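Written out below as C-alpha cells is the structure these notes cover.
Taken together, the values in this text are just the output of simple stated rules run on the coordinates, not laboratory data. Owing to the predicted nature of the structure, the values given are computational and were not obtained by experimental measurement. Neighbour counts run over all protein chains shown; Cβ positions are idealised from the backbone, glycine included.
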Amino acid sequence: MELRLTVNGEERTAEVDPRALLIEAVRDDFGLTGSHIGCLTGDCGACTMEVNGRIVKSCLELAVSAQGADIVTIEGIADNGQLTPLQEAFWSEYGFQCGYCLPGMLFAARDLLAHNAAPTEHDIRYAINGNLCRCTGYHRIVQAIAAAAEATPEHA
Amino acid sequence: MIKGSFEYHAPVSLDETAELISSLEGETSMISGGTWVVPEMTHGVRRPKHVVDLRRAGLGGVTRANGSLVIGTTATYADVLDADGDAQVEALKAMAVGVTGGAQIHNQGTLGGSACYANPGSDVPGALVGLDATMRLARGEARRDLPAADFFGEAFRTVLEPGELLTAIVVPASSARSGYYKFKLSESSWPIATACCVVDGDRSVMRLALGGVSPRPVLVEVAVGAADPDAVSEAVRSTEFEQWTDALAAGSYRKKIAHVVARRAYLAAAR
C-alpha cells in the first residue's frame, strides 16, 4: 500500500507492506534509523516517536494505520543539527552509555518537559517508566532531565 | 514484519465496521489501540486472516450524554485523563494514571480494547464493573447494551458474539465518589489485585468490584450502610470466587490480599 506521511516536516510517500510495523517503515522505507527496535512488545520504548503530536511506541502500530499522520522522529528534534538543551543535558550529564534507549528517552523527557516545566524527581521517574535502559541505572538519565528543565528558563 | 498474511481493513464509520465484521470469514483481529493485538501478531501468537483497524471508524473520543461519560471504543487512557470528570470518574482517572508503560501507552492503549481483551490481570474490567458501566454493542444493524458485569466471560473472553463489536463504554452520571486501588509487584508489573469502590455522601459503600483476583471481575456484596474499612474487608473475606493464577501471582495470594486492596480503594473513595 502507498503510505503518505509527513516526516519531520517533509511530505513523504513509500510503498509499504500492510504487515510492516510503523518502526519498520520509518527505518526501512523512509531510511530514518535513529529510532531503534528493541523488544517489539511495547515494553522497552526504544522505538518511541511522535505521531500527530503524541508520543507512541511505534512497534505497536501498523505502518498503514498511520496513513496521513504527521510524524517526528529522533532525527527531527534538533534544528539544523543544533542539539536541543535536552540533548545537551543528556550529553553533559552522561545520560546514556550505549545509546540504544536514547531516542526513546529523549522523546519521553521532551514530552514531560512540554507538559511540566519544573518536574520533581518523582515526575521524571514516572515520565520515563515506559522506557527501559540497561546501562545507566536511570540515575544519570534522571539527572539529565532535571538539568534540562533547569537550563530551559522559558519553561520555568 | 508480521509473518503470515492478512487482509487489512480500515472502515470509516460504525455502520461500515459493523457490516464488515459480520460478513468476514476466518479469524479476525480488531485493532483499537493495538498495544496487545499488534505485538501478538508480531510474535506469531495471533495469526488472523483479517485485521480490522478501528482507528478511522469514528469510535474515538470521550463525550457527555445526559451527564454520563461516553467513552468511544478507541478512546485512549490519555483521552480519559483529559476529560472533564465528575466525582464518579475519579476512579477511572486514578486507574488510567496507574496504567503501566509510560505516556506512550496512555496515548495508544484504549479502554475499549482492554475490555475486549479481557485479561483477568488488567485494570479496565474491574474498574468498569465497579463503576457500573454499560457496554454498547453492535452487530450488523443490531444494537444492544449490556452491563459491564455481564460483559466478561472466561479469562480473555467476553460475551461478544461472532461479528459483534464494542462501540462505546458508558459510565453513568453520578455525584457519588469513587476510588481505585491497584496492587502490583513493580512499576512495570501488571496488576495483581485491583479494587474499585463507589461511596455515597455518607461514605457508605454503594458498589465494590475486585479485579485481578478471578477470571472475571468480582462484584462484592456489601451490607447496606457499611461505612468503614473493616466492613469492607469483612465483605471481601466472605465473598466466594473462582481464583485466578498467572505467571505473576498465585490465586491464593491474590485472594489473601484482596480485602486489603479493597479497603484501600474504599479509603480512596471516602477520603
Of every Cα-Cα pair in chain B, the percent that sits beyond 30 Å
27 percent
Can you work out the PRE-style zone for B:Ala65? Point 7 Å along Cα to Cβ, and I want the residues of region B:93-116 with backbone N under 19 Å.
B:111-113, B:115-116
Cβ-placed point charges (K, R +1; D, E -1), dipole of the protein assembly as shown about Cα centre in debye, nearest 20
1140 debye
Mean-square fluctuation check for chain B, GNM, Cα pairs under 10 Å: which of B:Ser68, B:Ser178, B:Ser252 is largest?
B:Ser252
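For a footprinting-style exposure proxy, rank A:Met49, B:Met135, B:Met41 by other Cβ within 10 Å, fewest first. Before the final figure, lay out each step's value.
On the way: A:Met49 29, B:Met135 26, B:Met41 23.
Listed from fewest to most nearby Cβ atoms, that is B:Met41, B:Met135, A:Met49.
Inside 10 Å of the C-beta atoms of A:14-24, what's the mean count of C-beta atoms belonging to other chains?
Per residue, the number of nearby Cβ atoms from other chains is 3 on average.
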Which percent, to the nearest 5, of DSSP beta bridges fully inside region B:1-102 are antiparallel?
35 percent
Can you compute log10 of I(q)/I(0) for region B:39-78 with the Debye formula, treating each Cα as one identical point scatterer, at q = 0.21 Å⁻¹?
-0.76
Region B:84-233: translational diffusion in µm²/s, Stokes-Einstein, Kirkwood Rh over Cα pairs, 10 °C, 1.306 mPa s
101 µm²/s
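Over chain A, what is the percentage of antiparallel beta bridges among all DSSP beta bridges, to the nearest 5?
Numbers: 14 of 16 bridges.
Counting only bridges with both partners in chain A, antiparallel ones make up about 90 percent.
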Added length on full extension, which subtracts the Cα-Cα distance from 0.36 nm per residue, B:Ser186 to B:Glu161
5.4 nm
Using the basic label-point model (7 angstrom from Cα toward the beta carbon), what is the B:Glu221 to B:Ser238 distance in nanometres?
1.0 nm
For region A:85-155, one quarter of the surface area of the C-alpha convex hull, expressed in nm², comes to 3.9 nm²
With no solvent and one point on each alpha carbon, what is the Debye value of log10 I(q)/I(0) for the protein assembly as shown at q = 0.08, 0.13 Å⁻¹?
-0.46, -1.17
So if I take the centroid of the Cα atoms in region B:124-155 and the same for region A:39-102, what is the distance between those two points in Å?
36 Å
Principal axes first, then extents: for the Cα atoms of chain A, list largest minus smallest coordinate on each axis, whole Å, largest first.
45, 30, 23
Of the residues A:Ala46, A:Ala78, A:Ala69, which exhibits the maximal mean-square fluctuation in a Gaussian network model of chain A defined by a 10 Å Cα contact cut-off?
A:Ala78
Any idea how far apart A:Asn80 and A:Glu2 come out in nm if each label point goes 7 Å out from Cα toward Cβ?
3.4 nm
I want to check the label-to-label distance for B:Asp202 and B:Glu27. Put each point 7 Å from Cα in the C-beta direction and report it in nm to one decimal.
5.4 nm
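Rg to Rh for region B:177-270: what is it, with Cα atoms only and Rh by Kirkwood? Before the final figure, lay out the partial values.
Numbers: Rg = 12.5 Å, Rh = 12.9 Å.
Value, to two decimals: 0.97.
Multiplying the sequence separation of B:Arg144 and B:Ala173 by 0.36 nm and subtracting their Cα-Cα distance, what value in nm do you get?
Details: separation 29, 0.36 × 29 = 10.44 nm, distance 1.97 nm.
8.5 nm is the gain from fully extending B:Arg144 to B:Ala173.
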Mind checking B:36-43 for the average number of partner chain beta-carbons within 10 Å of each residue's beta-carbon?
5
Going by how many other beta carbons lie within 10 Å of each one, how would you line up B:Leu185, B:Leu69, fewest first?
B:Leu185, B:Leu69
Using only the C-alpha atoms of region B:1-160, find the volume of their convex hull and express it per residue in Å³.
118 Å³
Hey, which of these cross-link pairs are over 21 Å Cα-Cα: B:Lys93/B:Lys256; B:Lys184/B:Lys256; A:Lys57/B:Lys49?
B:Lys93/B:Lys256; A:Lys57/B:Lys49
